[in-house]
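*Asks:* Take a look at the following structure, please.
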């Protein structure tokens, strides 16, 4: 299962295995990059932040305690801080320009809203569901089909669809509780 | 007293009218079930905000190159080599892309320690965009076999079945699924064409005009990806 694999990555990371950073990057790179991209807009900025997050995580690896939280959640926290730094830097640049122009103050930059981060974490977990369950969840969320109609369309037994939905929601919830920020 | 069936709570969180009047009574009286439903509803709302997100985008390959360079002068092994098995979940955006670009960059002989990320990245931008297009064509061709068109609110579904044709990237006849008798007689085609810069999909549907609107969904048959596009 994916959660077990996450545990392996986390363990390797806290032991500072030589390939742990590569494993962490393969597992969480898209998550970190997506958060940065969503918050900053510019790809080049998102790439910079992604790089900073993993370099910083590796260097401060000693402060990661797998007993206190997940590797994903820890990386998300670092990502939010780096995004806030990048926004602050932007603001500083903007303020210099404004001062040159004799202009006004700029509102304080913020970390990406919790909901934005949680949505990306959720999308990451949705993408990791087994194929059939992923399709059921996508139809349950985004089409107006009832679970009976989903069962018809996909040719699945009703019980399977209901079970996919219940377990799928529980899995999303667990992931959000582990790696998200609002829960 | 036993709690409300978790499957019923899950369906209710999705907005379905599931369960019986007794479930209603219990769910209102029981703090546990009420909290459970509220939590699941939050997750459903979060998932629905802004529509389907799709698989996350993987960072471009030079990001890892730079991390590896900064951390250990390139001594850290590549994440591609390090991932066990082929189970990359980011199939559309990840594995193929990464493999293509790695090949290209290996040939470029760029020094990983150049430290001038923005300059080094420039020449790679063009070809990478090209690779992205190529990947999209592949993805759409793969999607074509499982294309489903959802019609109007809670109504019918039309499934596509033919193989892609030449010149046009993909072309498919639409016909209603047997489970939706009210849509029998509806026909249509979906044609994907490539222009110099993009792919365009035209969907022609011969179906009754009804209140509401039609929605077009692209589904990978294996559920890897769904691309909703409304009309």
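*Asks:* So how tilted is helix A:2-14 from the main axis of chain A? Cα-based, degrees 0 to 90, rounded to 10.
*Replies:* 30
*Asks:* How many nm separate the modelled label positions at residue A:88 and residue B:168, each set 7 Å beyond the Cα in the direction of the Cβ?
*Replies:* 5.6
*Asks:* When A:93, A:6, B:24 are ordered from fewest to most other Cβ atoms inside 10 Å of their Cβ, what list results?
*Replies:* A:93, B:24, A:6
*Asks:* Moving on. Would you work out the relative contact order for segment A:22-99, in percent, from Cα pairs under 8 angstrom that are 6 or more residues apart?
*Replies:* Once normalised by length, the contact order is 34 percent.
*Asks:* Defining a contact as two alpha carbons under 8 Å apart and six or more residues distant in sequence, what relative contact order in percent does chain A show?
*Replies:* Once divided by the residue count of chain A, the mean separation gives 21 percent.
*Asks:* Using Cβ contacts closer than 10 Å as the measure, can you line up B:201, B:17, B:192 from fewest to most?
*Replies:* B:17, B:201, B:192
*Asks:* What 222 nm value per residue comes from the helices of chain A, counting each DSSP H run with n ≥ 4 as -39,500 (n - 2.57) and dividing by all residues, nearest 500 deg cm²/dmol?
*Replies:* After summing the helix terms and dividing by the residues of chain A, the value is -25500 deg cm²/dmol.
*Asks:* Could I ask something else about it? Ranked by Cβ crowding within 10 angstrom, fewest neighbours first, how are A:49, A:9, B:71 ordered?
*Replies:* With the fewest neighbours first, A:49, A:9, B:71 line up as B:71, A:9, A:49.
*Asks:* I would also like to ask the following. By how many degrees, between 0 and 90 and to the nearest 10, does the Cα long axis of helix A:71-100 differ from the longest principal axis of chain A?
*Replies:* Value to nearest ten degrees: 40.
*Asks:* Per 0.36 nm of contour for each residue apart, how much would the distance between residue B:182 and residue B:5 grow if the chain were fully extended, relative to their Cα-Cα spacing?
*Replies:* The residue B:182-residue B:5 span can extend by a further 60.4 nm.
*Asks:* Provide the gained length on full extension for the span residue B:29 to residue B:49, in nm with one decimal, where the gain is 0.36 nm per separating residue minus the Cα-Cα distance.
*Replies:* Separation in residues times 0.36 nm, less the Cα-Cα distance, equals 4.3 nm.
*Asks:* Quickly work out the residue B:38-to-residue A:81 label distance, labels modelled 7 Å from Cα along the C-beta direction, and quote it in nm with one decimal.
*Replies:* Roughly 3.2 nm, to one decimal.
*Asks:* Any idea how far apart residue A:132 and residue A:42 come out in nm if each label point goes 7 Å out from Cα toward Cβ?
*Replies:* 4.8
*Asks:* If you don't mind, there's one more thing I want to ask. Round to the nearest 10 and give me the degree value, 0 to 90, for the angle of helix A:43-59's Cα axis relative to the longest principal axis of chain A.
*Replies:* 90
*Asks:* Test of understanding: what is the full-extension gain from residue B:206 to residue B:16, defined as 0.36 nm times their sequence separation minus their Cα-Cα distance?
*Replies:* 65.4 nm
Computed from the coordinates by the stated procedures, all read-outs in this text should not be read as laboratory data. In this text the structure is predicted, and so the values were computed from the model without any measurement. A quick note on method: Cβ atoms are made from the backbone with ideal geometry, for glycine too, and the neighbour counts reach across all protein chains shown.
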